[in-house]
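Scroll down for the structure; my scribbles are underneath it.
The numbers here are math on the coordinates, done by the rules we state, and not lab data. If you're wondering where the values come from, they're calculated on a predicted model, not measured in any experiment. Counting neighbours? That spans all protein chains shown, and the Cβs are built from the backbone with ideal geometry, glycine included.
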Amino acid sequence: MYIWHNSSWIKLLATDWKFDKSTMTFTVHLRKGVVWNDGTPFTSKDVKCTWLILYMMGHALFNYVDPKRIETPDDYTVVFHITSPVSPIILERYVIRTNVRAYKTYHEYCDKVEELLKQGKDRKSEEMQKLLQEFNKFRPKEMLVTGPYMIDVPSITDSELWLKKNPKSYFAKYAKFDWIRVYNGETPVITPLVLAKKVDYATHGFPVATEKQFRKIGIKILRPPTYFGPAIYFNYKHKEYGELFSKKEFRKAIAYAINKTETGFVSLGLSGKPVKYFTGVPELITLNWMKPEDLKKLEDYSYNPKKAEELLKSIGLEKKGGVWYWKGKPLELELMYPAEYADWAATAQNVASQLTKFGIKVTLRAVTFTQEPIEIQNGRFVMAIQFWGTGHPHPFMSYDSVFNMYNQKEYLGTGLIGMGLPMIWDTKYGKVNATKLLIDMGKSFDIEKQKEAFAKMALAFNDFLPIIPLWERLGNNPVLEGVRACGWLPFEDPLYKNSVYTDNFVVIMILKGILY
């Protein structure tokens, strides 16, 4: 697991790794003596199998790595062959941070992927796509794990499950808890459990009033970075409004018409941080990667309804009786959002209210949080609230996570339609191939060249504004000490700079035996 404040690693299944520029290889040595919970040894075969399946699924690593040349010279060595210059940060983040799956469970699929590659078939081939469809329907009968805990299958209900100690884990000797109870549910379900002090830690987005209740009964609130937030997505292929959404002036107008500082505060109080740099990448990462002279070129999209009106008029919209008209009809849009996410629900409601007052009627469509991503991926929406940014230190990953998840067909050349956003963008800096810019961001050994590529992408995103970041989320995580869990590090400890959802500090504290 990665430690953000000093760019170091806690080594788990790998003991060391090395990028060799002369041979264009990334070599990983695995920890010996590790077994899966059924006693099967953990080996390089598991790692290779994992990455062959991820290749079939379209993982971004294979912009830089040859899937046909993942070598396993022995049980504890894996060698990835690099096809082009690549940022060592990206290699580390993907290869070292990705969870390894058991060959014993998935061998049928990874063996077939390897065979198809030997036949000259790539992931876009008909054969590979058919195999992917079969894989997506596969449901393993058991879960094999190497970590200190495993799911106690009989305990699974709609509302909770238990993790029990995995005595065969190499790491079991460090973790202090024998059992961990995990409650299922979004904010409305979890809130009463926190208030009843049945929960020691939660990562949900709790409303301002709820947070006050927590503090009143002695529950502390931790505000770590999440490195993401909610954004407005557009359906660029929508039969009625796709043409309008494709005009960047319209998207810019929407950004200026919304008081995003207000939206963040009503959604999550002090944890709803206003977006300072509209690059599509979280502020701290943008500051680490972008030069001051390039930061000054960024449009800030501060609340400016007058500018929004000017932009709408410039593309032929007119305002009559306080309502905006397009092609002779009142502009009436729908905004979909995940119903159970209390903070994002508040965001959607605030955005709809502000835009309606501005003259664009927006109705809301609440969809259960598990279904909303599916609706977007299949293009069944008008506008939607979904994430921007991601908890990874290289800016490439903030962009890739959005487009890989919600713009597959245009970005990857295959997959679901999603937003239907063309990746050739007409910006004030000229036409840019956004997919190429993204890949180029990682295609260098030189960090300065990577930063140059990021600056081009950040400026293009800032002008084209394919999605509209609304605010950046800080956690407002309730922490209960002394009832079941003790040993919490002081809130000023630098470990809390870790990303909540990708390198969570509580997981690290459990793994290292700090919490007991």
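How would the chain be classified by its alpha-carbon gyration tensor: rounded, prolate or oblate, with rounded meaning a/c under 1.5 and the a/b versus b/c comparison settling the rest? Because a/c hits 1.5 or more and a/b fails to exceed b/c, the chain counts as oblate. Quick one: grab the alpha carbon gyration tensor of region 365-516, order the square roots of its eigenvalues as a ≥ b ≥ c, and give me rounded if a/c is under 1.5, else prolate or oblate depending on whether a/b is larger than b/c. Here region 365-516 falls in the oblate category.
Normalising the average separation of contacting C-alpha pairs (under 8 angstrom, six or more residues apart) by the number of residues puts the relative contact order of region 229-473 at 31 percent.
Here Lys306 is the anchor, and the lysines within straight C-alpha reach of less than 16 Å, apart from those fewer than 8 places off in the same chain, are Lys252, Lys260, Lys319, Lys320, Lys357. Checking the cross-link pairs Lys124/Lys247; Lys198/Lys273; Lys431/Lys451; Lys247/Lys443; Lys273/Lys449 against a 24 Å limit on the alpha carbon distance flags Lys124/Lys247; Lys198/Lys273; Lys247/Lys443; Lys273/Lys449 as lying beyond it. Around the amide H of Trp9, modelled in the peptide plane, lie the amide H atoms of Ile3, all under 5 Å away and 5 or more residues distant in sequence or on another chain.
Ordered by the number of other Cβ atoms lying within 10 Å of each residue's own Cβ, fewest first, His29, His238 fall into the sequence His29, His238.
For region 229-473, rounded, prolate or oblate, judged on the Cα gyration tensor with a ≥ b ≥ c (square roots of eigenvalues), a/c < 1.5 rounded, else prolate if a/b > b/c? Rounded. Distant-in-sequence amide contacts of Phe206, defined by a placed amide H-H separation under 5 Å and a gap of 5 or more residues or a different chain, comprise Asn476. Between Tyr501 and Thr157, the contour length at 0.36 nm per residue exceeds the Cα-Cα span by 121.5 nm. Full extension of the chain between Ser84 and Lys327 gives 82.6 nm of extra length, using 0.36 nm per residue less the Cα-Cα distance. Isolated cysteines in the chain, defined as those with no second cysteine Cβ under 4.7 Å, comprise Cys486. Residues whose amide H lies under 5 Å from that of Val65, counting only those 5 or more places away or on a different chain, are Thr83; hydrogens are built 1.01 Å from N in the peptide plane.
Projected label points at Lys313 and Arg484, each 7 Å from Cα along the beta carbon direction, are separated by 6.0 nanometres. Helices that extend 27 Å or more along their long axis by alpha-carbon positions and average at least -1.0 on the Kyte-Doolittle scale are absent among the DSSP H runs of the chain.
Ignoring lysines fewer than eight residues from Lys141 along the same chain, the ones with Cα atoms less than 23 angstrom from its Cα are Lys45, Lys48, Lys104, Lys112, Lys130, Lys164, Lys165, Lys168.
Within the chain, the longest run free of exposed loop sites, counting GluC sites (Glu not before Pro) that sit outside DSSP helix and strand states (H, G, I, E, B) and have at most 16 other Cβ atoms within 10 Å, spans 300-480.
Extension gain for the segment Asp66 to Arg380, taken as residue separation times 0.36 nm less the Cα-Cα distance, is 109.5 nm to one decimal. Within a straight-line Cα-Cα reach of under 15 Å, Lys456 can be paired with the following aspartates and glutamates, leaving aside sequence neighbours fewer than 8 residues apart in one chain: Glu293, Asp294, Glu299, Asp426, Asp440, Glu448. A crude spin-label estimate for the pair Lys121 and Asp16, with each label 7 Å from Cα along the Cβ direction, gives 4.1 nm. Averaged over residues, the count of other Cβ atoms within 10 Å places the peptides 401-409, 224-232 in the sequence 224-232, 401-409, highest first.
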